[in-house]
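Notes for the one structure printed next.
The numbers here are math on the coordinates, done by the rules we state, and not lab data. Given the structure is predicted, the values throughout are model-derived calculations rather than measurements. Note: ideal-geometry Cβ built from the backbone for every residue, glycine included; neighbour counts use all protein chains shown.
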Amino acid sequence: MLPSPHAQHAAPRSPIRGPALPIGVAVTAIGMLFSIASAPVVTSAAPETMPEPVAVVQVPTVKVGATVAADPCAEPSVLAALSSGDDAGAIAGFGGGENFRAAVVAGNAPCISLSDPARLWVVVNKTLPLNPPEYEPAGLDAVPLQMTTRSGLVRSDVAAAVGQMADAAAAAGVGRIGANNGYRSYGLQVTTYDAHVRAQGQEDADAGSARPGFSEHQTGLALDVVACDAACGGLDGFGGTGQSDWVAANAWAYGFIVRYEEVGTPVTGYAPEPWHLRYVGVDLAAAYHAGGYHTLEEFFGLPAAPDYAP
C-alpha cells in the first residue's frame, strides 16, 4: 500500500506526553517571561554590610586610690622635699602615708632609703644596723615631760609631738605621762647593753636590749614612757595602766607607734615593750594604724629580723 501523501506534511508527535496547552495560554506565559527578564534590576546605593562580631571582654575594676605611680621620685615636689629634709612634704608628694608605703613595698620609690637614720621612715632592727654605727642625730631638744633618767633628749619634732600627746592624755583624764629615756648615744648603748648581759646573760639581754649600733634610741626618734600619778613608775609597771591603754589606742594620732608589741615578737625578736614609742610622723602612723600593722617590718614589706646575723 502506498503511503498517504498528506502524512508527510503532518507535524511529528511531541515526545512530551500529556495534554497540550491551548495556544492563548502559551502565548501569555511567554510574554510574562520576557517581561520579567527585561525588568530593571534595582541596586542599593551602598551595599549592605553585616555588623562585625564584637568580642565581649570583662574589664577588671581599677581602684584608682590604690594605683601607685611608676616613679613618684620623679615628682618635683618629692625631690624638693627630700632635698630640704622635709620628710612630711616628701610623704605628701607621694599622695600620703599609705601611697608612700605601697610605693616602697612595690619597689617604686628608688629615692627612699629605709636605712637612712635621719629620715622618719628609717627601720632599725637586728639585721638592719645604723649606718654609720655611731650616728648622732641633729637638732635634739629636751623632752617636755617629767623624766626619770638623765637621758632626756629627742629630736625636736619628737619633743613637740610627745608633749601634745601627753597633754591630750591628761585632758582625757587618764593621768600624766612621763618619760624614762629618749636619745641614747652609741657609747651609752654600749654601757646599757653590757649591763643587761651581766645581769641576764646574752640571750635574755638580746630579747630586751639592742646591741650598740642597733638601737632606735640612737636615732632620736624613740623614747620610753612611764605612768606618772602621785609619782612616776618604772618601765615594767607601765603596761595595764590607764596611760598605757590610752597610748596604745591614740599614740598614732600624734605620729607614734608602739614599736614592740607582743604579737610582733617573732618578727622583731624583742619581748613586748608597751612603753617603747617610735616616732614616724602623723601620715605614716595613720597608715600604720589604719592598716592594722604591728611591726615596721610588716608595714614596709621587710623580712622578719628576730635574730642578729652570726
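Compute the distance from the alpha-carbon center of region 146-196 to that of region 263-301, in whole Å.
Centre-to-centre (Cα) distance: 18 Å.
May I ask you to evaluate 6.51 cos²θ - 1.76 cosθ + 1.60, the Karplus curve with θ = phi - 60°, for each residue of region 76-91 and list the ³J(HN,Hα) values in order in whole Hz, giving x for glycine and proline?
x, 5, 5, 4, 5, 5, 5, 5, 8, x, 8, 5, 4, x, 5, 5
Would you compute the Debye intensity of region 125-299 from its alpha-carbon atoms alone, equal scatterers and no solvent, and pass along log10 I(q)/I(0) at q = 0.12, 0.14, 0.17 Å⁻¹ to two decimals?
So the normalised log intensities work out to -0.51, -0.71, -1.09.
Quick one: if you stick a label point 7 Å off each Cα along the C-beta vector at THR191 and VAL263, how many nm between them?
Here the modelled spin labels are 3.8 nm apart.
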